[in-house]
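The values are calculated or read from the model by the stated rules, or taken from the named source; none is laboratory data. Worth saying up front: this structure is predicted, and the values here are computed from it rather than measured. Every residue, glycine among them, receives a Cβ derived from its backbone with ideal geometry; neighbour counts consider all protein chains shown. Accessible surface areas use protein heavy atoms only, side chains included; no ligands, DNA or RNA. Shrake-Rupley method; radii C 1.70, N 1.55, O 1.52, S 1.80 Å.
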Amino acid sequence: MESLLEMPVLTAMQPASTFARRIVFLFSLTVCFTSSAQPLTTAQTEFFENKIRPIFANNCYKCHSPQATKIKGGLFLDTREGLLKGGDTGPAIVPGDPEKSLLIKAVRYTDEDLQMPPKGQKLSDDQIADLVTWVKMGAPDPRVAVTSGTNQFASALSRDHWAFKPIKNPSVPDVDDSSWIKTPVDAFIVAKLQASGMKPNPIADKRTLIRRATFDLIGLPPTQQEIHDFLDDDSPEAFAKVVDRLLASPHYGERWGRYWLDTARYADTKGEVNKNKEDLHYPDAWSYRDYVIRAFNEDMPFNKFIMEQIAADKLNLTKTNRDDLAAMGFLTLGERFNGNNNDIINDRIDVVTKGFLGLTVTCARCHDHKFDPIPTRDYYSLHGVFNSSIEVSPVVIGKTDYSIAGYRDYARRYDSFEQQMAGLELQKKASRENRPAVKAINEAEEKVRAAFTDLELTNIYAPARAMVLEDSPQPKDSPVFIHGEAENKGDIVPRQFLQILSPPNRVPFHIGSGRLELAIDIASKSNPLTARVIVNRIWMHHFDEGIVTTPDDFGNQSAPPSHPELLDYLATRFMADGWSIKKLHRLIMLSSVYQESCEDNPRYAQIDPENRWLWRANIRRMDFEEVRDSMLAIGGKLDDTMFGRPVNLGSYPYSTRRTIYGYIDRLNVPEIYNQFDFANPEITMGKRYETIVPQQSLFLMNSPLVIEQARNLVDRSDFQSLTSDEDRVTLLYELVYQREPNPVEIKLGLNFVANSPADESVPKMFIPKQARPKRDQRLEASFASLPTGERKPLTPWEKYAHALLQANEAIFVN
């Protein structure tokens, strides 16, 4: 067994600030010195456009760009060349070295004679941290001097990009050897392999197949009974029965719903807020999470899924039970950016366009998109849509039994909080001129809001609520913000869909805000992106890599699809099958390419080292949810209760709920989540970044949760009833790895147990208090931290079970 500690460390990152943490998933610490000859990655471009350019535009251009009346210090900050050349005192930045960069020194205010912006207008700590991070990255800067009238977005190259062309329904290729073909998917794969002089691997053994399929579809290991039933089924439909059973499992929605929550940047908190005006938490976020799980379990047509998440308030107006309103958490659960409405709108544009279209539209906030055919006017067309959508108080959904005593007690407390807030508001109006009194009232309001949030977040009788948007009574178009500056308004643009995805005679939106029409355009079969994007995401989660390797960016900066005809075939079939994701799973999983073995072929590895042609199955590491949930399932302690309010997974006694129900603090994601590359909840993230760091192995070695599962394995009645040590080793292998051990492994296991002293002492173990913002520590006992405790010594068999849980095979799927 190879320990994770024996594997090479690829990336180890220690974020130093909020904004450094925001990009910890996007960049390694390897400094990339970018130049005009070196194209930027999509992530680098997005970081500059979303974080750096707004700082320059809002704080620097009025003195350091051609729009200034007088250029201060001879310094231009509106181009990369200007930054590198610098002004009278030398270059403004040294890429890769913030400590030697005059710009960083100036914004930090460490030198009285060098302070930018001047006159006490110092940037916020977060903005300074962003600039430092950007310089450390090598100061990637997509800005180029563009001659007036030369808009790259209108170039023929951009418009001829494959992703913007209509989806075609290609013919299934004819191949020389059809014996391997199980579904049309295989023909596309074999055709590509044959063109490269390769053949696909044979089909994997049945134990590998059921383990692969079960983890893929429900994120849990197969049970012993399920394995034996499959092994005993010799019918041609045996594997199809396994797939159908798994697709019908309620655990399917918990597994695949989590993928969508990554894309939707789901969290239970708001990020940066003004605590004097609102509480940190989203007490009703869980209703969106539960909606997503149900939607996947019910195989909701994906076009309907799109419509409800963007415009559920405009649909099914005759329904009395508006559970579908919970879908709008997709728009409303983003970061709050300290109440900056334009940043909130930018976040909503980003999650819609990346999530459904695979386009980085927010790069056009300050200027025409540098790489894709998206003019700034298109960005502000969408800005008008969301600026004409207002957030209202959460709406009660589902059914509530108002007669039970628990609800009546909840309702009394709810009414009491409302009365307290109303009274404090009256006091504030009466004390408007008395600053100390107003401050005291603000503090009292904060406490009442916190108590109210606790009530909503932890009281089981509080009704489920949906966080919704409604159309403004007076929808209006937005002006273009020149250079992204809200104070520098240009032409007003109509609310309408993206030009590149619209027919020649675009018709502006006219139904309310335009969200409904936007949803219709996105969910249209004639849209060349929507079906391709979701089909690529599904393929990626089955094969560990997409046909397009950049699932959130199908623009000109994306990698070309490895199998473009297959992508279009799947997209066409997907729409013809009623936008059914479960039918797409079935089509993919019943193919031979999905069922391939992962055995290596040295010659093929030289021809196709990244396995883009899929001559073998990829081996993938489990994500954090699979690791934690499978440990609990193997130990027989997984709580399969579905839905409901979030639980704290880091407190003692440990919750045994599935990880998808864990409480996620946007600004304070638990360190163990980050160590296993959990999706950053501050950004849309269709693909998690994978690192291998020592902390992962240390978690498996030292986590009380993992150690407890080792004890649980040995405490199982089926283990305790065995009288043969060989049978005990075999059972542990079947439970942990879903296979039988070979003779060498049995011998190693017996030697391990025989040579492990039974009375080995274990030192006291201190479990540190979880690092949470002070404002989070008010939550009820279910959110308490683990106290200092003492670990009982492990028996030899428990140590052996723990060793099996630490091996790579326990957290990899082949």
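Scan around ASP368 for amide H atoms under 5 Å from its own, H built in the peptide plane at 1.01 Å from N, and keep only partners 5 or more places away or cross-chain.
Here THR376 satisfy the definition.
From the phi angles alone, apply the Karplus equation (6.51, -1.76, 1.60; θ = phi - 60°) to the stretch 292-298 and give each ³J(HN,Hα) in whole Hz, x where the residue is Gly or Pro.
Couplings: 5, 4, 5, 4, 5, 4, 7 Hz.
Could you derive backbone 3J(HN,Hα) for the stretch 545-560 from the dihedral phi with the Karplus parameters 6.51, -1.76 and 1.60 (θ = phi - 60°), listing whole Hz in sequence and x where the residue is Gly or Pro?
7, x, 4, 10, 6, 10, x, 9, 9, 9, x, 5, 8, 6, 6, x
Counting only protein heavy atoms, what percent of the accessible surface of the chain is carbon or sulfur at a 1.4 Å probe?
53
Take the cross-link list LYS192/LYS582; LYS182/LYS582; LYS270/LYS399; LYS62/LYS122 and give me the ones stretching past 24 Å between alpha-carbons.
Where the Cα-Cα span goes over 24 Å, the pairs concerned are LYS192/LYS582; LYS270/LYS399.
Among TYR663, SER630, HIS383, which residue has its Cα positioned farthest towards the positive end of the charge dipole of the chain, with +1 placed on the Cβ of Lys and Arg, -1 on the Cβ of Asp and Glu, and the dipole taken about the Cα centre?
Selected residue: HIS383.
Which lysines, on any chain, are close to LYS429 with Cα under 22 Å apart, when same-chain ones fewer than 8 places away are left out?
Result set, ordered by chain and number: LYS275, LYS277, LYS439, LYS447.
Considering only protein heavy atoms, with the full assembly of protein chains and a 1.4 angstrom probe, order CYS366, CYS598 by accessible area, largest first.
Working: CYS366 15, CYS598 35 Å².
These residues rank, largest area first, as CYS598, CYS366.
Arranged from highest to lowest average of other beta-carbon atoms within 10 Å per residue, in what order do the peptides 625-637, 608-620 appear?
Result, highest mean first: 625-637, 608-620.
So which aspartates and glutamates pass the test for LYS100, namely a Cα distance under 15 Å, with those fewer than 8 places away in the same chain ruled out?
ASP111
Aspartates and glutamates near LYS637 by alpha-carbon distance under 19 Å, same-chain residues fewer than 8 away left out - which ones?
GLU226, GLU254, GLU625, GLU626, ASP629, GLU708, ASP715, ASP718, GLU734, GLU798
Tell me the mean residue ellipticity at 222 nm calculated for the chain from its helices only (DSSP H runs of n ≥ 4, each -39500 (n - 2.57), averaged over every residue, nearest 500).
Counting only the DSSP helices, I get -12000 deg cm²/dmol.
Given points 7 Å out from each Cα along the Cα-Cβ axis, report the SER393 to LEU426 separation in nanometres with one decimal.
1.7
How do the peptides 646-658, 413-425 rank, highest first, by the average count of neighbouring beta carbon atoms within 10 Å per residue?
Numbers: 646-658: 19.2, 413-425: 13.8.
Packing order, densest peptide first, comes out as 646-658, 413-425.
Students often get this wrong, so check it: of LYS199/LYS583; LYS72/LYS136; LYS85/LYS105, which have C-alpha atoms separated by over 19 Å?
Checking Cα-Cα distances, LYS199/LYS583; LYS72/LYS136 exceed 19 Å.
Before anything else, pin down the relative contact order of the chain: Cα pairs under 8 Å, at least 6 apart, normalised by residue count, whole percent.
17
Sort 801-810, 367-376 for me by packing, meaning the mean count of neighbouring Cβ atoms within 10 Å per residue, highest on top.
367-376, 801-810
Can you tell me the orientation of helix 743-754 relative to the chain, as the angle in degrees between its alpha-carbon axis and the longest Cα principal axis, to the nearest 10?
Once rounded, one gets 80 degrees.
Can you list residues whose amide H is under 5 Å from GLU596's amide H, if they're 5+ apart or on another chain and H is modeled 1.01 Å from N?
ALA204
Tell me which label goes with the value of Cα Rg over 2.2 N^0.38 Å computed from the coordinates here: [x] 1.01; [y] 1.37; [z] 1.21.
[x]
Dipole size in debye (nearest 20) for the stretch 635-731 around its Cα centre, Lys and Arg Cβ +1, Asp and Glu Cβ -1?
Dipole about the Cα centre, nearest 20: 360 debye.
Could you list which residues have their amide H under 5 Å from that of ALA559, counting only those 5 or more apart in sequence or on another chain, with H placed in the peptide plane?
Correct list: THR549, THR550.
Across the stretch 433-439, in residue order, what do the Karplus-derived ³J(HN,Hα) couplings come to in whole Hz, using 6.51 cos²θ - 1.76 cosθ + 1.60 with θ = phi - 60° and x for Gly and Pro?
Values per residue, Gly and Pro as x: 8, 9, 4, x, 5, 4, 4 Hz.
Name all residues of the stretch 188-208 having a backbone nitrogen under 16 Å from the label point set 7 Å from the Cα of ARG603 along its Cα→Cβ direction, giving them as ranges.
Only 193-202 fall inside the zone, counting backbone N under 16 Å.
Label ASP409 and GLN194 with points 7 Å out from Cα along Cα→Cβ: what is the distance between them in nm?
The answer from the label model is 7.2 nm.
Taking every DSSP beta bridge that has both residues in the chain, what percent is antiparallel when rounded to the nearest 5?
For the chain, the DSSP antiparallel bridge percentage is about 90.
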